[in-house]
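A short write-up of the structure that comes next.
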Amino acid sequence: MSDRRNICCGNGRRRGLRKIREGIEDIRDGLQDVRDGLDDIINNNICKGKLDICEGIRDIEDGLCDIIEGLNEIECDIDRNAQRDIQEGICDIREGIRDICEGLNNIRRGNGLAGIRDIREGIRNVEEGLCDIIKGLRDIRR
């Protein structure tokens, strides 16, 4: 029977923290792609904007998966308060992804104003979620 604490030490912990850092960077890159796409749409370059937003969504989703995978590696180092913050952050990011996708669908249906509003709301939710995750990670036992 393996001791769960061993996973949190050494290579497993380092690997988990590296995955989390990579995930955070992917989400930041994805947010920038979504912002760039939104700017393109506002400037009437709809096709390029939609492509940028799709790429951003993929980066955000990949980043979130990396964060979750990394968290699973260091789970025993996370206290309840940090877990709550991180879980709220994950939920906010998922909600943000849904908002951005809904905005993109509205734009595809010709409802640009609602689409832009949804995408902006999605960006805010992803940013808030990322802040919650980072706040929770600060509480990880050293």
Quickly run through segment 22-38 and pick out the residues that are within 19 Å of Asn106 (Cβ to Cβ), surrounded by 21 or more Cβ atoms within 10 Å (Cβ to Cβ) and either free of Cβ contacts under 8 Å to residues at least 60 places away in the same chain or not aliphatic (A, V, I, L, M) (or both). Gly37
Cβ-Cβ under 9 Å pairs, at least 6 apart or on other chains, segment 39-63 side surrounded by fewer than 21 Cβ atoms within 10 Å (Cβ to Cβ) and modelled with pLDDT of 95 or more, far side outside any helix (DSSP H, G or I) and not basic (Lys, Arg): Asp39/Asn45
Among the candidates Ile123, Ile116, Ile134, which residue alone is touching a residue at least 60 places away in the same chain (Cβ under 8 Å), of a type in the set (Val, Ile, Thr) and under 16 Å from Asp85 (Cβ atoms)? Ile134
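Condition check ((1) of a type in the set (D, E, K, R); (2) modelled with pLDDT under 90; (3) part of a loop (DSSP other than H, G, I, E, B); (4) under 16 Å from Leu137 (Cα atoms)) across all residues:
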{"position": "Leu71", "(1), (2), (3), (4)": "no, no, no, yes"}
{"position": "Asn81", "(1), (2), (3), (4)": "no, yes, no, yes"}
{"position": "Glu95", "(1), (2), (3), (4)": "yes, no, no, no"}
{"position": "Gly110", "(1), (2), (3), (4)": "no, no, yes, no"}
{"position": "Ile123", "(1), (2), (3), (4)": "no, no, no, no"}
{"position": "Glu127", "(1), (2), (3), (4)": "yes, no, no, yes"}
Of the candidates Gly16, Gly89, the one satisfying the condition of being out of contact with any strand residue (DSSP E or B) (no Cβ under 9 Å at 6 or more places or on another chain), at pLDDT below 95 and among the small types (Gly, Ala, Ser) is Gly16
Can you name the residue in segment 64-77 that is of a type outside the set (Val, Ile, Thr) and under 9 Å from the mean Cα position of the chain (by Cα) and is also surrounded by the fewest Cβ atoms within 10 Å (Cβ to Cβ) among such residues? Cys65
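The values are calculated or read from the model by the stated rules, or taken from the named source; none is laboratory data. Everything numeric here is computed off the predicted structure, so don't read it as measured data. For neighbour counting, all protein chains shown are included, and Cβ atoms are generated from backbone atoms with ideal geometry for every residue, glycine included.
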